[in-house]
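Q: Sending over a structure as structure tokens; questions will come in a sec.
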Amino acid sequence: MGSSAATLSIAPGTGDADLAGAIRRALRDREATALSLQGDVAAGTDDAQAFARWVMMLADAPLPVAVAAGGELGPRGLALLLLADIAIVDETAAMPNPTSTPALAALAARALGPVGARRLVFGAADPVATLVASGHAERTADPEAAMAARIAALGSPAEARRRRAALNASRHLNFSEALDFDLWFHTGKDA
Amino acid sequence: MPDKNADPGVGTEIHGAVRVIRIDRPAARNALNPALLDALAEAFDAAGRDSALRAIVITGGTEVFSAGADIDALGGHTAATYPGSVNRRAFDAIRATPLPVVAAVAGYCLGGGCEIALGCDLIVAGDTAIFGQPEINIGIIPGAGGTQLWAPRTGAGAQAEAALTARTVDAWEARRIGLVDRVVPSAHVIDAALHLAHEIATKAPLAARAAKKAMRAPWSAPLGASLDAEVQIMSGLLASADAHEGVAAFLEKRRPRFEGR
């Protein structure tokens, strides 16, 4: 089976509640290799509870999350990039005020670890550059091509989802239990 | 070889000394109706009477455990009829079986489905499992253990939140709060539960049943009486051939040969 993403293009003016609903629907696509988000990333937050809902949906998504961002990022854009397994920014991507992003500390610590999180939380002059320098994001002149190549490299939908499930397990379970979880993929029919 | 019985929505399979009881009503997300509950009660009763069995696995498959009771069926009850209903009989039968029971849970495990899982001794969750007691959303309460059986596993806070807010918890949170005992990929949840059940099946059968009986004593008596019951159960077990065999095998550094007597 080939690699194809469920693509969600965020239209300008989309609120957090609508974004949460769109993400929920997109995650129902069982044939997709990844969930790819792009479009308007300049928005802020208009509904904290809905923001928390879509953050949690992406954080525990059953498949890899890919985000492409360009231009001036708002809090939504930075949150999306921090939640992404594949984060791609173009050469115009910039964010003037990262500390206005809700839940920045939790999102940054999850994505970058404590050192990277401190850089963002305590005011990195260029947060996009921080994401790139840390290896979390890839900067490219052709985000579309880069995204396609990264998604193609994920392999089949089943393989991509297995890897993502193991990653989720590694975040939520202790080491021993995460190990046991992953080993189920290497027994019997999944071996 | 699957041996699907005639009752609607419940199948059984034998895997050595382990019986798998499967809720099998996928078109209704394994919702629990009277016929299915009746069949479940019968399946648990029959397993409990089968001296060749050492453990039970209860599952709804790898997609959904059970979305809960058929609301239509609940609506037909009155204050007079519910206590004597098949609902009551089925959940009592699940909790009363003397065999150790492992629940294999994937997908939705809500309402009565969650109460079935909580009536088991061990819960293996797939990573897609979602647990909850949504009854308060329709003006009732969990009526088959859902206001009681979270607390021994999770503590009073999670119990209250489940019963009073109907908030659901995913597999990861369920593991974190102690609601479930393992989290595995959902595609493997039955394999993992069977693995655990077979591990139990290798232990001394009398002791396994006795341990379950002793662990369940607090469900029907205050702590002091439960501790007394534990002493009585242990006293009887010490006289069994299996207990003698277990001690002898340990002292002789060999594997025990338990015969269930």
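The values are calculated or read from the model by the stated rules, or taken from the named source; none is laboratory data. Please read all numbers here as calculations on a predicted model, not as lab measurements. Neighbour counts run over all protein chains shown; Cβ positions are idealised from the backbone, glycine included. For the accessible areas, the whole protein counts, side chains as well, though only heavy atoms, and no ligand, DNA or RNA atoms are used. Shrake-Rupley method; radii C 1.70, N 1.55, O 1.52, S 1.80 Å.
Q: Hey, if we sort A:Ser176, A:Ser156 by accessible area with the 1.4 Å probe, largest down, what's the order?
A: Values: A:Ser176 70, A:Ser156 40 Å².
Output order, biggest surface exposure first: A:Ser176, A:Ser156.
Q: Between the stretch B:202-261 and the stretch B:87-107, how many Å separate their Cα centres?
A: 21 Å
Q: Here's another thing I want to ask about it. For chain B, list the DSSP H helices whose alpha carbon atoms reach 20 Å or more along the long axis and whose average Kyte-Doolittle value is -1.0 or above?
A: B:34-49, B:223-238
Q: Okay, moving on. Over the heavy atoms of A:Ile10, what accessible area does a 1.4 Å probe trace out, to the nearest 10 Å²?
A: 10 Å²
Q: What length, rounded to one decimal in nm, is gained on full extension from B:Ile14 through to B:Ala225, with 0.36 nm per residue of separation minus their alpha-carbon distance?
A: Working: separation 211, 0.36 × 211 = 75.96 nm, distance 3.67 nm.
Here the answer is 72.3 nm.
Q: With angles folded into 0 to 90 degrees, how steeply does helix A:143-152 sit against the dominant principal axis of chain A? Use alpha carbons for both and round to 10.
A: 10 degrees
Q: Would you mind working out the accessible area per residue for the protein assembly as shown, using a 1.4 Å probe, and quoting it in Å²? Before the final figure, lay out the partial values.
A: On the way: 20860 Å² over 452 residues.
On a per-residue basis, 46 Å².
Q: On to the next question. How big, on average over all directions, is the shadow cast by the Cα convex hull of the stretch B:80-138, in nm²?
A: 4.7 nm²
Q: Which sequence of B:Leu110, B:Leu251, B:Leu206, A:Leu58 reflects their accessible areas, 1.4 Å probe, from the largest down?
A: If we order B:Leu110, B:Leu251, B:Leu206, A:Leu58 from most to least accessible, we get B:Leu251, B:Leu206, B:Leu110, A:Leu58.
Q: What relative contact order, as a whole-number percentage, does chain B give when Cα pairs under 8 Å and 6 or more residues apart are counted? Don't jump to the answer; show the numbers that get you there.
A: Values: 515 pairs, mean separation 40.6, N = 261.
Dividing the mean separation by the residue count of chain B yields 16 percent.
Q: For a quick check of your reading of the filter: which trypsin sites (Lys or Arg not before Pro) in the stretch B:82-140 sit in a DSSP loop and have no more than 11 other Cβ atoms within 10 Å?
A: none
Q: For the protein assembly as shown, what is the convex hull volume of the alpha-carbon atoms per residue, in Å³?
A: It comes to 181 Å³ per residue, whole-number rounded.
Q: Counting only C-alpha contacts under 8 Å and six or more residues apart, can you give the relative contact order of the stretch A:96-189 as a whole percent?
A: 16 percent
Q: If exposed GluC sites (Glu not before Pro) are those in a DSSP loop with at most 14 other Cβ within 10 Å, what is the longest stretch of chain B that has none?
A: B:1-251
Q: At a probe of 1.4 Å, how much accessible area disappears from chains A and B on forming the pair, both sides counted, to the nearest 100 Å²?
A: 1200 Å²
Q: How large are Rg and Dmax for chain B when calculated on the C-alpha trace, in angstrom?
A: Gyration radius and largest Cα-Cα distance of chain B: 18.5, 61 Å.
Q: OK, next. Roughly how many whole Å is it from the C-alpha centroid of the stretch A:54-104 to that of the stretch A:9-46?
A: 11 Å
Q: Where in the stretch A:116-141 is the amide nitrogen less than 19 Å from a point lying 7 Å along the Cα-to-Cβ axis of A:Ala153?
A: Under 19 Å, as judged by backbone N against the label point of A:Ala153, lie A:131-141 of the stretch A:116-141.
Q: Using 20 Å as the cut-off for backbone N distance, which residues of the stretch A:38-52 belong to the label zone defined by a point 7 Å from the Cα of B:Arg167 along Cα→Cβ?
A: A:47-52
Q: For the pair A:Ala133 and A:Ala11, how long in nm is the line joining their label points, each one 7 Å along Cα→Cβ?
A: 3.9 nm
Q: Only Lys, Arg, Asp and Glu count, each charged at its Cβ (+1, +1, -1, -1), so figure out the dipole size of the protein assembly as shown about its Cα centre, rounded to 20 debye.
A: 1120 debye
Q: Can you tell me, using C-alpha contacts under 8 Å and at least 6 residues apart, the relative contact order of chain A as a whole percent?
A: Working: 331 pairs, mean separation 40.2, N = 191.
With pairs under 8 Å counted, the relative contact order is 21 percent.
Q: Calculate what fraction, in whole %, of the accessible area of the protein assembly as shown sits on carbon and sulfur atoms when a 1.4 Å probe is rolled over the protein chains.
A: That fraction is 57 percent.
Q: Same structure, new question: Can you give the extra length, in nm with one decimal, that the chain gains between B:Arg254 and B:Ala160 once fully stretched, where that is 0.36 nm per residue apart less the Cα-Cα distance?
A: 29.0 nm
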